[in-house]
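Report on the structure given below.
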Amino acid sequence: MFKRLADASAAGAAVTLTVDGKPVSAREGDTVAAALLAAGIDHCRTTPVSGAPRAPYCLMGVCFECLVTIDGVGSRQGCLIPVRTGMKVETQLGKREAGR
Amino acid sequence: MTAASDLAASYDLVVVGGGPAGLAAAALAARAGLSTVLFDENPGVGGQIYRGITTTPVTDRAILGEEYWAGAELAADARASGALIVNGAVVWSLDPQKLVGVSIAGKTRLIEARRVIIATGSQERPFPIPGWTLPGVMTAGAAQTALKAQGLVVSGRTVLAGSGPLLWLLAAQTLRAGGRIEAILDTTPWRNWLQALFHLPDFALSPYFSKGMSLLREVKAKVPVHRVDGIEALGKDRLQEVAFTSGGRERRLPADLLLLHQGVVPNVNLANAAGVAHSWNERQLCFVPVLDEAFGSSVPGIAVAGDGAGIAGGTAAAERGRIAAIAAVRALRPEATVPDPQAIRQKLQREEMGRAFLDLLNRPAESFRQPVGETLACRCEEVTAKQVRDMARIGCEGPNQMKAFLRCGMGPCQGRLCGLTVTELIAAERKRTPEEVGYYRLRPPVKPITLAELASLPISEAERKAVER
Amino acid sequence: MAASAVHSDYDVAVVGGGLVGVATAWGLAREGCRVVVLDEGDRAVRASRGNFALVWVQSKGLGLAPYAGWTIRSSSAWRGFSDLLKQETGLDVCFQRPGGFHLALSEKELEARAAILQRLHNQPGIVDYQTEILDHAQVAKMLPDIGPEVVGASYCALDGHVNSLRLFRTLHVAIADRGVTYLPSHRVETITREGGEFRLATPHGEIRAGKVALAAGNANMRLAPMVGLEAPMRPERGQIVVTERLRPFLNYPVVTLRQTDEGTVMIGDSKEESVDPSGLTLGVSATEVERAVRQFPLLANVNVVRTWSAIRVMTQDGFPIYDESESHPGAFTVCCHSGVTLAANHALTVAPMIARGALDKSLVAPFSARRFHVQKAG
């Protein structure tokens, strides 16, 4: 769905994070949501109402579709959080578990 | 990076939002000697129009266009002015006493402000079509953000749909960046041209005209454009096809990405929760805050500047921010020197010329604002248009009652993506105006905060007694 | 609409479209009455939109023993009530009665709680039902996620909860299905009795009905004297914090914390004199949440998605007011704090009384507003 511009690939250090345990390459300056899109990951969560798959929609903090679990803390807006090497991102399936 | 504990207990001026209005306001106020802090939730300033302006990996200036790069000056000026600019700062609460609740990296503070300028700008209007919640459907603004902030351009089969200048700008930027667009589905109703023509002379004199015309030519040369009356996003678990009706015929296009846009509307949540009065603007088809000449709202000491005051674009936003800041300076430090507001108002007037034409031309069609059937009105709580219409028919007169009955507006987005739809559906079913129907009544937190953060706030003896009794 | 328009006759006009009003209206419709419900508009102050959704028995009746029996009657009828609503509308209000807790975060709190329950159960004429005092270990067996600061709790097996917003919606759907006329934005300004019928003046014209039932919450204080009755009210504000949806972890309602069938957690509660329904003081929310996190530490990192405040419908002494007028025969007041708990009674017991034209004194005599005068004299 998205690919990196040539000059953008050169800019910014490479960052490796894991998404559901699998390594994903990103660039410094990416938000988590952008990194997921760039990696071609289809959906970042399933809804707590019906379990329907959802993916980032607005990329500006308004739609709350990009909710993912980051480093064990759930319901983080992926489009507002810059990636970091070693970050553990997890798809949020349905309702969040309290205490995680 | 400023931490929550680094913040002072109070500031003369708190500016919420680091887009053009916020940056211009903060710079002016700081230079006039007000202790000024600007909070923005993103990793960098620029808002939407100048997103990523200080960090963008896009080096080819032609891709994004010169207008974008004008934001760099605004950002630099704000930094140099002495205003404290805090990124990653989420303002989740504002009350009529101008107490600001802000959260930075999971730590929350309550900051007193003598004046507040809400510059949280605009968001894209909801575009409720069947299938709009499928992965693979996004807003045009999202694609633009991805391009500006991360240097990501669309790949695969991409369809753009909707109306408004931003759609065409994104198309042009995408093509310049080497992206491919299969088609643009133009939803501008024919009738709009008739209404807008009256204002064409103004528009022809405004800076928009020639820029707009050349953009259109640039895009139409490379991308097929269809005038459409209906759009559906189809697919199982993700977008696979876009169906549309054009000239009475139904057609389908296989697609990986559908980008929707039908204009922008003010982001009202913080102002609404602070008690700022809003009213319906029939020309722009949205709620806007009720403001005086200096963008002061119905709550003393709280102003709303930028697109949040009514859609007028990025350059106008900066001028509005300056006018609001001048009012704050005059109130708190009347002896300070400020730029001449007259000159600023003249600039603002020039920017706003031509707005009427654009507004009327780009009024989205009713069918794309008032969905029917199983199309979701509320994405968060998965409430359908039919459910809302049925409830309105049996007597539910307003969005707050509707929220109680169906949970629309109770999800994390707090009505940002359903508020206008729900109000318009109730108005349509009950034959009332949106002004009569009203909007959700919002309260803090306007952005989520954790229980632990809320628990960490200072508690007075009286407040504790009200609970532990 | 012309202000002088006159509307056709109804058997009963119910004033107030909240839970008490619509439960009563539904019950009346089941009895075959032609009913109109007069309600305010979207911005009306509505306890029906701001309550804790408890169907609660524990500690009710301290100061008026018959209230305990009245409450238990409704609690026992609730299952049948919700089944009837489900049959009619297809909507499930998710009533559950697993028993409920009142948690104590200190020995002092636990002792105070035990003392209240002791006084309650010592009252002459009190109906016998069990509320136990449990220690931490006993509570933890049923609420495994409680934090170490929970010293103990009082537990009553008759306590439960329901999805009260869905109940509100279900009753509105049910009355629409039964042909009840629902008139929003019809605030009742005056009520007079002429020619054997009641005339209610609203901004959109006059409504005429054979009987009138005042179920307007705190506004009953203004309306009751118009029909020769009284309803002394003492409204108070409460604030609630609501979290995002979570996987089920809490199987029992706690009086200030419950997990809804949708997964959200509601946290309360406060008692404030201010009656500004749109006001919110962060310190109150913070106190509620601080206690909640001490009770259930696993909630610390969960997000607050919204908060709200509401004005409680509260009579002078906290107990219901049910009255029929002597000077204006056919006028009734139906007024209480616990519109959710008592919904079954209002629908299945009080409504038939109103339909028949007389309150059953053996059941509701203690709740007449005349009791306020007796207390004053004493």
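Among the residues making up the range A:1-51, those that are more than 7 Å from every other protein chain (Cβ to nearest Cβ) and assigned to a loop (DSSP other than H, G, I, E, B) are A:Ala13, A:Asp20, A:Gly21, A:Glu28, A:Ala39, A:Gly40, A:Ile41, A:Cys44, A:Gly51.
For the range A:70-91, the count of residues that are farther than 25 Å from C:Asn301 by Cα, at the interface with chain B (Cβ under 9 Å from one of its Cβ atoms) and assigned to a strand (DSSP E or B) is zero. Residues that are more than 23 Å from the chain's Cα centre (by Cα) and buried (at least 20 other Cβ atoms within 10 Å of the Cβ) were ranked within the range C:90-123; the one that is farthest from C:Val289 (Cα to Cα) is C:Leu110.
Matching residues to (1) buried (at least 24 other Cβ atoms within 10 Å of the Cβ); (2) within 10 Å of chain C (Cβ to nearest Cβ); (3) without any contact (Cβ under 8 Å) to a residue 40 or more places away in the chain; (4) more than 18 Å from C:Ile240 (Cβ to Cβ):
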site: B:Arg407; (1), (2), (3), (4): no, yes, yes, no
site: B:Gly411; (1), (2), (3), (4): yes, yes, yes, no
site: B:Ala428; (1), (2), (3), (4): no, no, no, yes
site: B:Gly438; (1), (2), (3), (4): no, yes, no, yes
site: B:Pro445; (1), (2), (3), (4): yes, yes, no, no
site: B:Leu457; (1), (2), (3), (4): no, yes, no, no
site: B:Ser460; (1), (2), (3), (4): no, yes, yes, yes
site: B:Arg469; (1), (2), (3), (4): no, yes, yes, no
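Checked against (1) touching a Leu at 6+ places or on another chain (Cβ under 8 Å); (2) crowded, with 23+ Cβ neighbours inside 10 Å, C:Gly217 passes all but condition (1).
Condition check ((1) out of contact with any Gly (no Cβ under 9 Å at 6 or more places or on another chain); (2) closer than 24 Å to B:Gln144 by Cα; (3) surrounded by 18 or more Cβ atoms within 10 Å (Cβ to Cβ)) across all residues:
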{"position": "A:Thr46", "(1), (2), (3)": "no, no, no"}
{"position": "A:Gly51", "(1), (2), (3)": "no, no, no"}
{"position": "A:Met60", "(1), (2), (3)": "no, yes, yes"}
{"position": "A:Phe64", "(1), (2), (3)": "no, yes, yes"}
{"position": "A:Val73", "(1), (2), (3)": "no, no, no"}
{"position": "A:Met87", "(1), (2), (3)": "yes, no, yes"}
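The criterion of at least 2 residues that are within 23 Å of B:Gly88 (Cα to Cα) and over 23 Å from the mean Cα position of the chain (by Cα) is met, among helices (runs of 4 or more DSSP H) falling completely within the range B:397-465, by B:451-455.
Among (1) at pLDDT below 95; (2) within 14 Å of chain A (Cβ to nearest Cβ), where does C:Gly196 come up short? Looking at each condition in turn, C:Gly196 falls short on (2).
Go through the range C:242-328 and tell me which strands (runs of 3 or more DSSP E), entirely inside it, have 2 or more residues that are among the acidic types (Asp, Glu).
Working: elements: C:257-259, C:265-267, C:303-312, C:321-324.
Filter on the range C:242-328 gives C:321-324.
Hey, among the residues in the range A:52-69 that are under 22 Å from B:Lys447 (Cα atoms) and either outside any loop (DSSP other than H, G, I, E, B) or touching a His at 6+ places or on another chain (Cβ under 6 Å) (or both), which one's nearest to the other protein chains (Cβ to nearest Cβ)? Show your work before the answer.
Taking the range A:52-69 first, the residues under 22 Å from B:Lys447 (Cα atoms) are A:54-69.
Going one step further and asking which of them are either outside any loop (DSSP other than H, G, I, E, B) or touching a His at 6+ places or on another chain (Cβ under 6 Å) (or both), we end up with A:54-55, A:67-69.
On the way: A:Arg54: 6, A:Ala55: 4, A:Leu67: 7, A:Val68: 13, A:Thr69: 11 Å.
Out of the qualifying residues, it is A:Ala55.
Taking the listed residues C:Gly238, C:Gly283, the one that is touching a Gly at 6+ places or on another chain (Cβ under 9 Å), modelled with pLDDT under 95 and small (Gly, Ala, Ser) is C:Gly238, with no other qualifying.
Residues of the range C:242-255 that are farther than 16 Å from C:Pro98 by Cα and more than 8 Å from chain A (Cβ to nearest Cβ): C:Val242, C:Thr243. Residue-level analysis places B:Ala25 among those that are within 19 Å of B:Val304 (Cα to Cα), buried (at least 24 other Cβ atoms within 10 Å of the Cβ) and within 21 Å of the chain's Cα centre (by Cα).
Conditions first: (1) more than 22 Å from C:Ala219 (Cα to Cα); (2) touching a Leu at 6+ places or on another chain (Cβ under 8 Å); (3) not in a helix (DSSP H, G or I). C:Ala355 passes all but one, so which condition is the exception? If we test C:Ala355 against (1) more than 22 Å from C:Ala219 (Cα to Cα); (2) touching a Leu at 6+ places or on another chain (Cβ under 8 Å); (3) not in a helix (DSSP H, G or I), just (3) comes out false.
Going through the range C:163-194 one residue at a time, which ones are assigned to a helix (DSSP H, G or I) and under 27 Å from C:Met221 (Cβ atoms)? Quick ask: steps written out before the conclusion?
Step one: filter the range C:163-194 for residues assigned to a helix (DSSP H, G or I), giving C:164-177.
Listed by number, the residues that qualify are C:Ser164, C:Leu165, C:Leu167, C:Phe168, C:Leu171, C:His172, C:Ile175.
Scanning the range C:68-89 for any residue that is surrounded by fewer than 23 Cβ atoms within 10 Å (Cβ to Cβ) and in a loop (DSSP other than H, G, I, E, B) turns up nothing.
Filtered by the rule that a residue be out of contact with any helix residue (DSSP H, G or I) (no Cβ under 8 Å at 6 or more places or on another chain) and over 17 Å from A:Pro48 (Cα atoms), the range A:58-73 gives A:Val62, A:Asp71, A:Gly72. How many of the residues making up the range C:179-214 are charged (D, E, K, R), surrounded by fewer than 21 Cβ atoms within 10 Å (Cβ to Cβ) and over 18 Å from C:Asp42 (Cα atoms)? Summing the residues that are charged (D, E, K, R), surrounded by fewer than 21 Cβ atoms within 10 Å (Cβ to Cβ) and over 18 Å from C:Asp42 (Cα atoms) in the range C:179-214 gives 6. Applying a threshold of 7 Å to beta carbon distances and a minimum spacing of six or more residues, or different chains, the list of pairs starting in the range A:67-94 at a residue that is in contact (Cβ under 8 Å) with a residue 60 or more places away in the chain and ending at one that is acidic (Asp, Glu) and buried (at least 16 other Cβ atoms within 10 Å of the Cβ) reads A:Val83/A:Asp30. Is there a residue in the range B:371-388 that is farther than 23 Å from A:Ala52 by Cα and modelled with pLDDT of 95 or more? No, because not a single residue in the range B:371-388 is farther than 23 Å from A:Ala52 by Cα and modelled with pLDDT of 95 or more.
Of the residues making up the range C:249-280, just one is in contact with a strand residue (DSSP E or B) (Cβ under 6 Å, 6 or more places away or on another chain), modelled with pLDDT of 95 or more and among the charged types (D, E, K, R), namely C:Arg258.
The values are calculated or read from the model by the stated rules, or taken from the named source; none is laboratory data. These numbers come from a predicted model, not from an experiment. Because the Cβ atoms are built from the backbone with ideal geometry, glycine has one as well, and the counts that use them run over all protein chains shown.
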